[in-house]
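Here's the structure we're looking at; comments come further down.
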Amino acid sequence: MSGAVIYIQRELKISETQVEVLMGILNLYSLIGSFAAGRTSDWLGRRYTVVIAGVIFFVGALLMGFSTNYAFLMVGRFVAGIGVGFALMIAPVYTAEVSPAVSRGFLASFPEVFINIGLLLGYVSNYAFSGLPMHLAWRMMLGVGAIPSAGLAIGILFMPESPRWLVIQGRLGEAKKVLNKICESKEEAQNRLNDIKEAAGIPQDCNDDIVQVTKHSQGKGIWKELFIHPTPSVRHVLIAALGIHFFEQACGMDSVVLYSPRIFAKAGIASNSHQFLATIAVGLVKTTFILISTFLLDRVGRRPLLLGSVAAVTISLGTLATALTIIDHSEKKLTWALVLCIVAVLSCVGSFSSGLGPITWVYTSEIFPLRLRALGASVGVAVNRTTSGIIAMTFISLYKAITIGGAFFLYAGIAMVSWIFFYMILPETQGKTLEEMEG
């Protein structure tokens, strides 16, 4: 959308306010998907919820690609937003639930890895289709998203169901078969099954293939347990999860990613194709650093990576704000300031992707107790998407009110506050099984 919106604004003659709404509204629409996915994943299972997400993505991409006007485009954005909510909630939960503790950080960061690869492909499609006639260019940029959506919906059918979901449905026989496939030994599989049974409230001596489970195990009354009468540990989990989701977006990374062509234009890059090439560099850096972080999560731990990442993001945002302020107050083109802007943007996205980006999803997929995980994850996604939508839909208005440099100074201040929050609230979770996490 970051590149497509340039052509959309020219062809459909939409205002700056409509641009802001178009860019950010998908995140608010995704609230519907994230809440629906929490219930759907407990009802139909984690795997079929991913299938639903893929189908919704496919329809949304086609609707946007065939849009004839702004209203039609917003319908496509609405459908795609619901798919985003489904996927953002279920992908980390599913991955965490089929992963062993020793490599869970590595594997649970994969959704964020492929989100970044998707961003990179989006930037590449901006550049690749930019030479087409205007009415075709943006439609191809958006419609091409239907291809990976189909792959997602079909591919997940060849994957196993989450053993934890099978256990809370009382399907112990199927859960044991899945654990035998994904564990290194039958002994490890049996130990994991025993841990999951204990977390689900199923007696250890109950070994039938299908057993009756209590309504509590199936997720009844979890709203009260999570929000109205939480235990001290659940309250801590909730504060940590909602806080990390809020700060991940409040530091303004969506403004950097969605509006990078605009930022580069402000910095002095006039050509659309050159702006798109610069955004490809942004995508490459984001993808490279997140790949590096996946290999460090289970070696270094979540907490050191998170704190180091947020500190670097704060410095990068402050540098970008300073460079843009200098450019704003200069009457001639300053090459060194332009270079500093580009370096600061790349440093910002690289720092974010090395810690805060993937750890947000890894952390919240692993700290909730089994009975609260689906709902807790969906509430976390809701906070994340709401904050993201507000950031995306206010950026143009914000920088017009306090200058573009002032906007990034504000984001840097929020990032600094987030570092203090993470230092005070978030414990290390490296190497703990999901069943150990509550303690």
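May I have the extent of the alpha carbons of the chain along their three principal axes, as whole Å values ordered from largest to smallest?
Result, largest extent first: 78, 46, 39 Å.
Could you let me know the centre-to-centre spacing of segment 277-344 and segment 192-206, using Cα atoms, in angstrom?
46
Quick check for me: using +1 on Lys/Arg Cβ and -1 on Asp/Glu Cβ, what's the dipole size of the chain about its Cα centre, in debye to the nearest 20? The partial results should precede the final answer.
Numbers: 33 positive and 27 negative charges, 138 e Å.
With only Lys, Arg, Asp and Glu charged at Cβ, the dipole is about 660 debye.
Rank 437, 383, 325 by how far each Cα sits towards the positive end of the charge dipole of segment 305-439 (+1 on Lys, Arg Cβ; -1 on Asp, Glu Cβ) and give me just the farthest.
Sorting the options by dipole projection puts first 325.
Compute the Cα gyration tensor for segment 150-247, then decide on rounded, prolate or oblate, letting a ≥ b ≥ c be the square roots of its eigenvalues: rounded whenever a/c is under 1.5, prolate when a/b is larger than b/c in the other cases, and oblate in all that remain. If you can, show how the numbers build up before the last one.
Details: a/c = 1.94, a/b = 1.31, b/c = 1.47.
Oblate is the answer for segment 150-247, as a/c is 1.5 or above yet b/c matches or exceeds a/b.
Looking at segment 144-199, which trypsin sites (Lys or Arg not before Pro) are in a loop (DSSP not H, G, I, E or B) and have at most 11 other Cβ atoms within 10 Å? List each step's numbers first, then the result.
Numbers: sites: 164, 171, 176, 177, 181, 186, 192, 197; in loops: 171.
For trypsin sites (Lys or Arg not before Pro) across segment 144-199 that sit outside H, G, I, E and B with at most 11 neighbouring Cβ atoms in 10 Å, the list is empty.
Given only helices, namely DSSP H runs of n ≥ 4 each adding -39500 (n - 2.57), what is the per-residue ellipticity at 222 nm of the chain, to the nearest 500 deg cm²/dmol? Walk me through the numbers before you get to the answer.
On the way: 20 runs with 333 residues, N = 439.
Theoretical 222 nm ellipticity from helices: -25500 deg cm²/dmol.
Pairs 266/286; 186/286; 13/286; 181/286; 176/432; 13/400: which are spaced more than 30 Å apart, C-alpha to C-alpha? List each step's numbers first, then the result.
Working: 266/286 21 Å; 186/286 39 Å; 13/286 32 Å; 181/286 33 Å; 176/432 21 Å; 13/400 20 Å.
With Cα atoms farther than 30 Å apart: 186/286; 13/286; 181/286.
Within segment 139-213, report the GluC sites (Glu not before Pro) that DSSP leaves as loop and that have at most 15 other Cβ atoms within 10 Å.
Loop-located and lightly packed - 184.
Work out the charge dipole of segment 276-415 with +1 on the Cβ of Lys and Arg and -1 on the Cβ of Asp and Glu about the Cα centre, then indicate which of 359, 315, 345 is farthest towards its positive end.
359
Of 425, 367, 315, which is the most mobile in a GNM of the chain whose springs link Cα atoms less than 10 angstrom apart?
Largest GNM mean-square fluctuation: 425.
Find the eigenvalues of the gyration tensor of the Cα atoms of segment 1-92, then list the square roots of 5 times those eigenvalues as equivalent ellipsoid semi-axes, largest first, in whole angstrom.
On the way: eigenvalues 157, 29, 16 Å².
Semi-axes (√(5λ), whole Å): 28, 12, 9.
Of all trypsin sites (Lys or Arg not before Pro) in segment 327-396, which ones are in loop regions per DSSP and have a Cβ with at most 13 other Cβ atoms within 10 Å? It would help to have the intermediate numbers written out before the result.
Details: sites: 332, 333, 371, 373, 385; in loops: 332, 333.
For trypsin sites (Lys or Arg not before Pro) across segment 327-396 that sit outside H, G, I, E and B with at most 13 neighbouring Cβ atoms in 10 Å, the list reads 332, 333.
None of the figures in this text is laboratory data; all of them are computed from the coordinates on show. In this text, all values refer to a predicted model and were calculated from it rather than measured experimentally. Because the Cβ atoms are built from the backbone with ideal geometry, glycine has one as well, and the counts that use them run over all protein chains shown.
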